[in-house]
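Step one of this worksheet: look at the structure below.
The values are calculated or read from the model by the stated rules, or taken from the named source; none is laboratory data. These figures come from a predicted structure and were not determined experimentally. Backbone-built Cβ (ideal geometry, glycine too); neighbour counts: all protein chains shown. Note: areas computed on protein heavy atoms with side chains; ligands, DNA, RNA excluded. Shrake-Rupley method; radii C 1.70, N 1.55, O 1.52, S 1.80 Å.
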Amino acid sequence: MRYVKLGCFSLILLAATANAEWLEASGDHFVIYSDQDEVVVKRFAERLERFHGAMTYLFAKPQTKPGPSNRVTVFVVSSKSKVRKVTGTKNRFVAGMYIPRAGSSVAVIPRVRGASKYELSGTTILYHEYAHHFMIASLTARAYPRWFTEGFAEFFAGVKFKEDGSVLLGAPATYRNAELVYAPEVPMRKFLDFDGGAEEKKFTYDAFYGQSWVLFHYVQMAPERKGQLSEYQRKLASGESALQAAASAFGDLERLEDDMDAYMRRRKLSAMVVDATALAITPILVRKLRPGEAAMLPVMVESKVGVSREEALDLLPEAREVSARSRHDSAVRSALAEAESDAGKDDAATAAADSALAIDPKNINAHIQKGYALAHKVESGALPQESWKDVRDQFIKANKIENDHPVPLVQFYLSFLKQGEQPTKNAIAGLEWAMQLAPFDASLRWLVAEQMVADERYSAAAQ
């Protein structure tokens, strides 16, 4: 899939693969790939599941198990510098990345290891980003001001895991200490405005995230501010602007700023503890990747994170070489199909997908890649317009294998638009169900909103 620019990641993973065995740790909500010790990988997977379980318990959400493809895939690389190579950024503050995407949410973080409490680690960034993921999926569909969304994520990013199995939420974000002390603050009214001053940045690095954590923690945990955060959300829901809602719920904003400064200086702050008995965590399954899978992992990572057509063409020889050595591995052949599809080689992608399905008829990625290849051929004119029916049939096959995979639902709907036809009621219903499965995907939300406008369902579209 093509989404973001990616650097030369293959060499990074191949170097590690030569010296270590790659493991896959699977839970209900996460799949982790790492070459670290099995005990470390399994413990990390368990902590991620406990983190999800604690947030679910706190917000009184039902403990549901998503479809296999709706889990977050986490790739663990050797260092923060390797993460920056993956993202193609020169920003030295980047220590991890996360892409929330329907059917293929992916995170890349450095190796799980002990870090200073004053250091922003890759795992902390993952907790922060997953908190965003959870918030969008769980809270009422509404646009929240930037300080609220970042404060929410920062509040949960400092999660602590106790030996008795309990989870502590809202621990002090000590990794924000330096910016709170030394970085320029965002003026209060600008901070509380909807975009938090993001469009008027004069500094490349300020105290916005630290301020967001302080305010969210303060109005969430301080007894003297009890109920104000809920009131703030109600004011927003009633249509008040971000500043109006803040003044209505929190009172005098100058006093609020002073109270935040005093709160930050308190010697002790409260936190929430979720008891282990409230967490229903299923066992983590750990397996060693087959030799072909391990060799193909660099290709898989690049495909999942995102490559341009040019980058895909550069990657293709490696994908073909690995696949030639593992012709009887369905996962490897499926990864080749994705690489061929990314490179625009539709016939080769179809052939690779068919070979994967001959080995494992339920390989969902192979079905999807075959559907993409067929759609590309119809769009390019290599197949007649009547073949859109074959494209839809292919995504129906994928849907039957994994009913709650959002991608076949979205692609089934899009096939009508690409053909220049009105989507059927069934296609529209499938699209909206896909959004329920992956509410964190902004592009999918926009697609649903456009269809709602076309159907003159303006209130639903606005929400």
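A few comments on the model shown:
- Carbon-plus-sulfur accessible fraction, region 372-415 (probe radius 1.4 Å, protein heavy atoms only): 52%.
- Assigned charges on the beta-carbon of Lys, Arg, Asp, Glu; region 236-343 dipole about Cα centre (debye): 800 debye
- Spin-label model, R309 to D164: label points 7 Å out along the Cα-to-beta-carbon direction sit 6.0 nm apart.
- Inter-label distance for D37 and E185, nm, one decimal - labels placed 7 Å from Cα along Cα-to-Cβ: 4.5 nm
- Region 224-232 - phi-based ³J(HN,Hα) in whole Hz, Karplus 6.51/-1.76/1.60, Gly and Pro as x: 6, 10, 4, x, 6, 5, 5, 5, 4
- The modelled label-to-label distance between T64 and Q244, using points 7 Å beyond Cα along the C-beta direction, is 3.3 nm.
- √(5λ) per eigenvalue of the Cα gyration tensor, the chain, largest first, Å: 40, 28, 20
- For region 204-333, the carbon plus sulfur part of the accessible surface works out to 50%, probe radius 1.4 Å.
- All aspartates and glutamates inside 18 Å of K400 as judged from Cα atoms, apart from same-chain residues fewer than 8 positions distant: D354, D360, D390, E432
- Cα gyration tensor, region 313-371 - rounded (a/c under 1.5), prolate or oblate: oblate
- Order of exposure, largest accessible area first, which applies to R266, R392, R189 with probe 1.4 Å: R189, R266, R392
- Protein accessible area in region 144-195, 1.4 Å probe - carbon and sulfur %: 54 percent
- Ligands, DNA and RNA excluded, the heavy atoms of R290 present near 100 Å² of accessible surface to a 1.4 Å solvent probe.
- Beyond 28 Å in Cα-Cα separation lie the following of the pairs K377/K425; K42/K345; K61/K397; K362/K389: K42/K345; K61/K397.
- Using every pair of separate Cα atoms, the Kirkwood estimate puts the hydrodynamic radius of region 121-276 at 16.1 angstrom.
- Theoretical gain in end-to-end length, E386 to N403 [0.36 nm per residue, Cα-Cα removed]: 3.6 nm
- Think of each Lys and Arg Cβ as +1 and each Asp and Glu Cβ as -1; about the Cα centre, that makes the dipole of the chain roughly 800 debye.
- Taking every lysine pair in region 167-261 that is 8 or more places apart or spans two chains, those with Cα atoms closer than 22 Å amount to 4.
- Cα lying deepest toward the dipole's positive end in the chain, options P406, S26, L336, charges on Cβ: S26
- Once Rg and the Kirkwood radius are both taken over the C-alpha atoms of region 326-461, their ratio Rg/Rh works out to 1.01.
- Average accessible surface area per residue within the chain, 1.4 Å rolling probe, Å²: 47 Å²
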